[in-house]
Amino acid sequence: MRLFLGRPQTRSLPSSKQMMLKRALQNLRVPSESKRKRISSTVYDKTCAIDLCAEASGAHRKRRREQFSIIDKNVKLKKQQTAKDSNSVDKRVASMDYISQLPDTVIHIILSLLRSTKDAARTSILSKRWRDLWTSFSVLTFDQRTFQELEGVQSMENCNEVFKQFIDKSLQSHLDRKLGIYKFVLHLTSYDPALVHHMERWFGLAAENNAKELGFHVHVNGTRRYILPKNVFVAEGITGLRLQGCKLETCTIIKLPHLQKLYLRNLRVDQLIIMNLISSCPLIDDLRLIQCSGLSCLDISSLLKLDRVEVHCCNVLKKIDITAPSLQAFWYSGKKQVSCKINLKDCESLKRLKLEDSRMTNNQFHGRFFSFPLLEKLELSNCLKLTNIRIGSHWLNRLVLRGCKNLEEAEIDTPNLLSFEYQGDKFPFSFLNPKCLKEVKLSFAPMEDRKLKLNLKSEPLWFPKLREFLGKFDHKGLKLVVRTSKNVIIHEDFGEILLSTCGGLKIEMVQSSVGTEELLDISLHKGHPQTLSIMSSSSSEFPKLVHEKIINRKEAPTCCTSNNPNNKCWRHFLKDAKMVNLKGAKGKNDSESMAWLKSRPNANKIACFRLEWKSDKDGRKASR
């Protein structure tokens with residue numbers, strides 16, 4: 001998720017303030033200084049803020065828990081200061097720091113993206129206004145799974161009782177302190193009739209305290225399901241409702257006039273329930289149906305503000321009719337066994353289209369694609385019936401094709417395309433003008449032809465076409481990373497591109513402005529290759545920079561704070577790295593990838609490192 005904020009004038013801020021501000025916004029992934037636009041924060045009204053944050057990725061919230069330790073230390077120091085000093089600092093920050101001038105709604109959304117209420121509290125050090133606002137904000141999430149993992153809970157009955165008491169005490173404490181509720185979320189993993197009347201009271205309290213978002217997630221298998229408390233349907237102040245695994249009864253009274261986000265997952269719904277919800281919630285702009293059963297037809301025509309629709313794996317859905325001139329994004333992921341007819345009427349403003357439809361034919365695709373002249377992003381996944389397609393658009397800037405196994409020919413005429421991503425087992429594309437591309441990611445399945453695997457001099461028939469495509473770019477502004485399971489080659493010179501058939505082939509094109517550290521992260525973030533090679537001119541300094549980063553690395557890196565090995569970078573697993581002379585004769589003990597490198601006619605232009613990785617015996621995870 002990217003949230004572009006007005007640039008704060010941090011040059012005059014104390015260094016400690018700069019650091020705290022940076023740490024507090026780490027989870028938002030604010031763009032770098034060179035990329036950040038000078039946009040005043042005052043242009044961000046409530047609707048804009050919600051739209052920006054709707055695409056937030058939960059994956060970015062897992063970064064570096066210890067980053068807030070700096071804020072903790074500064075909190076202690078701040079408590080030791082006099083009230084006079086504190087007020088003085090607040091005045092200086094208020095006059096210099098644009099982030100404190102953001103609307104309340106935007107600040108609340110920033111707080112909602114932090115990991116916990118504790119982290120939100122830590123941001124109070126930023127300024128007096130943030131200190132006042134966080135106390136009026138709370139995200140209350142109660143997850144029964146956490147209590148089932150606690151030691152000392154001997155039975156499910158005791159677990160449910162402890163869980164119920166905890167929610168009661170937490171809500172009561174919250175109300176006693178007169179704190180507002182921004183979001184109330186309840187996760188249940190077991191069915192207990194005794195919880196039914198408590199749930200109605202809990203959701204009622206949240207609604208009475210003007211909660212903006214409600215979430216009810218039931219992770220229960222079987223036929224016994226909780227019925228959604230009816231008072232949820234009359235919580236007039238909520239703007240977001242997320243429901244999973246519960247049971248919806250047909251409600252004649254629905255009062256959700258401000259609802260904007262409606263997510264339904266693993267529910268049994270029919271056309272009547274959907275119609276009642278839509279007719280009673282005219283402001284819905286984001287509708288998502290995931291693994292919902294019982295719905296054979298989805299017909300939407302009365303939502304004038306509808307901006308985004310997602311439909312995933314609804315097993316009996318056979319028809320989708322949407323009339324929404326304001327629709328910007330549509331994502332459909334269907335079941336292989338069911339064919340669904342999709343009709344997006346009067347949706348000419350559509351800019352983002354994602355389709356995962358194994359039954360979609362060439363003609364159906366062309367009919368859908370050319371109906372959206374303003375389309376900017378197109379993603380096709382597992383569209384198994386596509387064989388020959390044409391993609392032509394002046395506005396398209398991102399194209400993704402994954403798992404379209406039967407695609408034989410794709411003519412692409414997109415003069416403003418900036419990003420292209422492909423995953424398959426061949427290169428079936430014909431680009432008329434790919435020079436505008438700034439980002440390319442290609443992933444090819446391992447070769448199935450045994451003769452190609454054994455003969456290092458042989459290569460697939462589509463390799464020349466791939467080389468021709470890669471050779472069209474101006475290599476002065478780009479670097480090319482070519483990865484297999486056993487070898488990584490970084491090209492500065494695109495004139496002689498090395499493509500190996502050993503293991504799955506992955507190719508990524510990156511800007512030359514990317515630093516050496518980041519480029520190594522891109523090259524080594526998956527798998528543990530046997531060799532890392534650099535293809536460059538004799539005058540290039542890049543091999544020396546890579547040598548310094550790899551050979552002179554720290555023995556005990558401190559870059560990753562997570563205790564989970566899967567969240568650590570390659571530096572924690574690399575045991576040893578040595579330069580290799582590829583000019584020498586092939587040795588009997590050479591690995592397959594090393595023998596392949598030595599057999600290249602341009603081996604004298606390659607700087608090669610042999611990499612040794614820590615094994616399980618070293619107490620580390622050898623491969624990921």
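For the reader, a short list of remarks on this structure follows.
- Cβ-Cβ under 8 Å pairs, at least 6 apart or on other chains, region 162-189 side free of Cβ contacts under 8 Å to residues at least 40 places away in the same chain, far side among the aromatic types (Phe, Trp, Tyr) and assigned to a strand (DSSP E or B): PHE163/PHE142; PHE166/PHE142; ILE167/PHE142; SER170/PHE142
For (1) at pLDDT 90 or above; (2) in contact with a Leu (Cβ under 7 Å, 6 or more places away or on another chain); (3) loosely packed, with under 15 Cβ neighbours inside 10 Å; (4) part of a helix (DSSP H, G or I), each residue gets a yes or a no:
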residue: VAL440; (1), (2), (3), (4): yes, no, no, no
residue: SER443; (1), (2), (3), (4): yes, no, no, no
residue: SER458; (1), (2), (3), (4): no, yes, yes, no
residue: ASP493; (1), (2), (3), (4): no, no, no, no
residue: GLU508; (1), (2), (3), (4): yes, no, no, no
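- Check on LYS247, within 15 Å of LEU140 (Cα to Cα) and either of a type in the set (D, E, K, R) or free of Cβ contacts under 8 Å to residues at least 24 places away in the same chain (or both): no
- Among the residues listed as ASN276, ASN343, the single one being more than 29 Å from the chain's Cα centre (by Cα) and not hydroxyl-bearing (Ser, Thr, Tyr): ASN276
- Scanning region 352-409 for residues that are closer than 15 Å to LYS341 by Cα, within 20 Å of the chain's Cα centre (by Cα) and of a type outside the set (D, E, K, R) returns a single hit, LEU355.
- Filtering region 297-316 to residues that are closer than 19 Å to LYS345 by Cβ and surrounded by fewer than 17 Cβ atoms within 10 Å (Cβ to Cβ) leaves CYS297, ASP299, SER301, SER302, LEU304, LYS305, GLU310.
- The residues listed here are LEU374, LEU407, LEU401, LEU417; of these, the one that is closer than 26 Å to PHE469 by Cα and out of contact with any Gly (no Cβ under 8 Å at 6 or more places or on another chain) is LEU417.
- Within the option set SER500, SER562, being crowded, with 18+ Cβ neighbours inside 10 Å, under 31 Å from the mean Cα position of the chain (by Cα) and assigned to a loop (DSSP other than H, G, I, E, B) holds for one residue only, SER500.
- Where strands (runs of 3 or more DSSP E) fall entirely within region 117-219, those with at least 1 residues that are at pLDDT below 85 and touching a Leu at 6+ places or on another chain (Cβ under 9 Å) are at 139-143.
- Among the residues examined, SER539 does not qualify as farther than 23 Å from ALA445 by Cβ and in contact with a strand residue (DSSP E or B) (Cβ under 9 Å, 6 or more places away or on another chain).
- Within region 245-264, the set of residues being surrounded by fewer than 18 Cβ atoms within 10 Å (Cβ to Cβ), at pLDDT 90 or above and not in a loop (DSSP other than H, G, I, E, B) comprises TYR263 only.
- Considered as a group, the residues in region 275-293 that are in contact with a Cys (Cβ under 9 Å, 6 or more places away or on another chain) and not polar (S, T, N, Q) include one that is surrounded by the fewest Cβ atoms within 10 Å (Cβ to Cβ), and that residue is ILE290.
The values are calculated or read from the model by the stated rules, or taken from the named source; none is laboratory data. The structure displayed is predicted, hence computed values, not measured ones. Counting neighbours? That spans all protein chains shown, and the Cβs are built from the backbone with ideal geometry, glycine included.
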